[in-house]
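Report on the following structure.
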Amino acid sequence: MWGLFSYEDIFVAGIGFDIAGAVLLAKGLLLSSRHILSISSTYLGFNSQEIVSRVEDKVSTYFGVGALVLGFLLQLAGYALDLALRSAPPASPIRGGLAFAVVGFVIVFVVLFYRLSLPAWRMRFLFDIAHYDNDHSTKQAHPYGRRLVFFGEKIGFPIKDDESEVDYARRVWHVGRITEGDPVG
């Protein structure tokens, strides 16, 4: 079995990372927390669902770019090893099929890693956005409690009956200090 693999398989793995990265990169755009809040706001407040969606796009972009860079680095390593060593097992249909299996494995790995990491990254960026006031330029020392509730409910953490913003922030966001309410302005 190990005779079917060679350093040239790095090329194939690199292509898998490129494909997965391109898909995720197309899904997301990198925006700052302040910009996400700004473009998701109206005169009456902000659209929490829009903010959650844009944060998920931001996480997708980070993972997509990372996968592309890793893929290109693996391809570079494969080319360098090819130039240095120039040896390969004989061509065979099994090696051709194995190449597709390696690409499939890498794509599944990247997408699975992304999906497992998305909740934590999404919460991190939403927590950052909750620190901005209504003019979107001043980041406060503590997040606004009402925003944490809005964002938390949009990602599947409903507020309990008679639960205060402070209690909600402790339970869902694991933070004890907040600015209660929402910024006025």
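The values are calculated or read from the model by the stated rules, or taken from the named source; none is laboratory data. Because the structure is a prediction, the values reported are computed rather than measured. Note: ideal-geometry Cβ built from the backbone for every residue, glycine included; neighbour counts use all protein chains shown.
Structural remarks
- Flag for residue 161 being part of a helix (DSSP H, G or I) and of a type in the set (D, E, K, R): no
- The stretch 112-140 - residue that is without any contact (Cβ under 8 Å) to a residue 12 or more places away in the chain and of a type in the set (A, V, I, L, M, F, W, C) and, of those, nearest to residue 53 (Cα to Cα): 120
- Of the helices (runs of 4 or more DSSP H) lying entirely inside the stretch 1-105, those carrying at least 2 residues that are modelled with pLDDT of 75 or more, touching a Gly at 6+ places or on another chain (Cβ under 6 Å) and of a type in the set (Phe, Trp, Tyr) are 9-27.
- Selection within the stretch 164-185 - outside any helix (DSSP H, G or I), of a type in the set (A, V, I, L, M) and either touching a residue at least 60 places away in the same chain (Cβ under 8 Å) or under 22 Å from residue 121 (Cβ atoms) (or both): 175, 178
- Yes/no for residue 125 being within 20 Å of the chain's Cα centre (by Cα), assigned to a helix (DSSP H, G or I) and assigned by TED's automatic domain parsing to the domain that holds residue 173: no
- Of all residues in the stretch 128-158, exactly one satisfies the criterion of being basic (Lys, Arg) and not in a helix (DSSP H, G or I), namely 139.
- Output for the stretch 137-163, where each listed residue is more than 17 Å from residue 122 (Cα to Cα), surrounded by 12 or more Cβ atoms within 10 Å (Cβ to Cβ) and basic (Lys, Arg): 139, 146
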